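Colleague: Pasting a structure below so you can have a look.
Just so you know, all these numbers are worked out from the coordinates, no wet-lab data involved. Remember, predicted model here, so these are calculated numbers, not experimental data.
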Amino acid sequence: MPIYAYRCAECGFSKDVLQKISDAPLTACPSCGKPAFQKQITAAGFQLKGTGWYVTDFRGGSSSSGGGSSEQSAKTGASSD
């Protein structure tokens, strides 16, 4: 569930709230009780960097073996024919 930042336009009270995406936005300020509680626009808490993620990334086994064992077995199978 995402965490949304809210701020009251009347009293300035701010709060982070854990809500479902399908939940209706909060409107009543928990501090002053006025209907001026507004959802704020915030930056994401993470950044994606690098060349990207692929289906084969971090899939089982150790990172040192990678997929070399399947390549080696394919080569040995082809040479025994």
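Colleague: With every atom except the alpha carbons ignored, what do you get for Rg and Dmax of the stretch 1-57, in angstroms?
Modeller: 16.2, 52
Colleague: On a full-extension model of 0.36 nm per residue, what is the gain between ILE21 and THR42, subtracting their alpha-carbon distance, rounded to one decimal in nm?
Modeller: On the way: separation 21, 0.36 × 21 = 7.56 nm, distance 1.52 nm.
So the chain would gain 6.0 nm between ILE21 and THR42.
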